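The structure appears below as structure tokens.
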Amino acid sequence: MQNLARLAIALSLAALTTAPAAAQVAGGKALAEQYCTRCHVIAQGGGTGWTDAPTFQALAKRDGASAAKLSSFIQQPHMHMLDTARPPAEANALAAYIMSLRP
Ligand code: HEC
């Protein structure tokens, strides 16, 4: 079971190394609107969030930001909110969306 889960994660990370499809970015944006906007500003100039939650654009601009790192963070709960932990495919889409904000 554990190995299967690892394999699924490895496969989806491998998929991430190819150019993120526009569809994945769009899917990630829809997921962000659903799960992340109550705390994060998810688009340039849009929405309001908690002041201490970094904007998604700020995350994208960080030195060393990568879709793989973002995806693995997004698969863990943070701020004690269960719905901040997304399954791998969704986390990959969210990470692709965040990285698409990188200037
Ligand atoms: C309950 C409020 C809340 C929700 C909902 C939330 N976040 Fe966060 N998030 C925060 C706060 C506050 C921080 C900064 C503190 C920290 O890193 O834990 C943060 C930090 C982050 C970080 C940066 C972690 C780092 O490396 O410093 C990422 C990436 C992130 N959130 C992604 C998401 C995604 C994707 C969603 C939606 C699935 C989401 N968050 C939903 C409040 C939230």
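Things worth noting here:
- Screening Gln44 on (1) in contact with a Pro (Cβ under 6 Å, 6 or more places away or on another chain); (2) more than 10 Å from the ligand (Cβ to nearest atom) shows it passes everything except condition (1).
- Those residues of the stretch 78-92 which are more than 9 Å from the ligand (Cβ to nearest atom) and either under 15 Å from Gly28 (Cα atoms) or at pLDDT 95 or above (or both), in sequence order: Pro87, Pro88, Ala89, Asn92
- Every pair of residues 6+ apart whose Cβ atoms lie under 8 Å, when the first sits in the stretch 68-87 and is under 22 Å from Ser100 (Cα atoms) while the second is more than 9 Å from the ligand (Cβ to nearest atom) and among the charged types (D, E, K, R): none
- Within the stretch 87-102, the set of residues being part of a helix (DSSP H, G or I) and over 14 Å from Ile42 (Cβ atoms) comprises Pro88, Ala89, Glu90, Ala91, Asn92.
- Among (1) modelled with pLDDT under 85; (2) within 10 Å of the ligand (Cβ to nearest atom) - the single one Ala53 does not satisfy: (1)
The values are calculated or read from the model by the stated rules, or taken from the named source; none is laboratory data. From a predicted model like this one, the values you see are computed outputs, not experimental measurements. Reconstructed Cβ throughout: ideal geometry from the backbone, glycine too, with neighbour counts over all protein chains shown.
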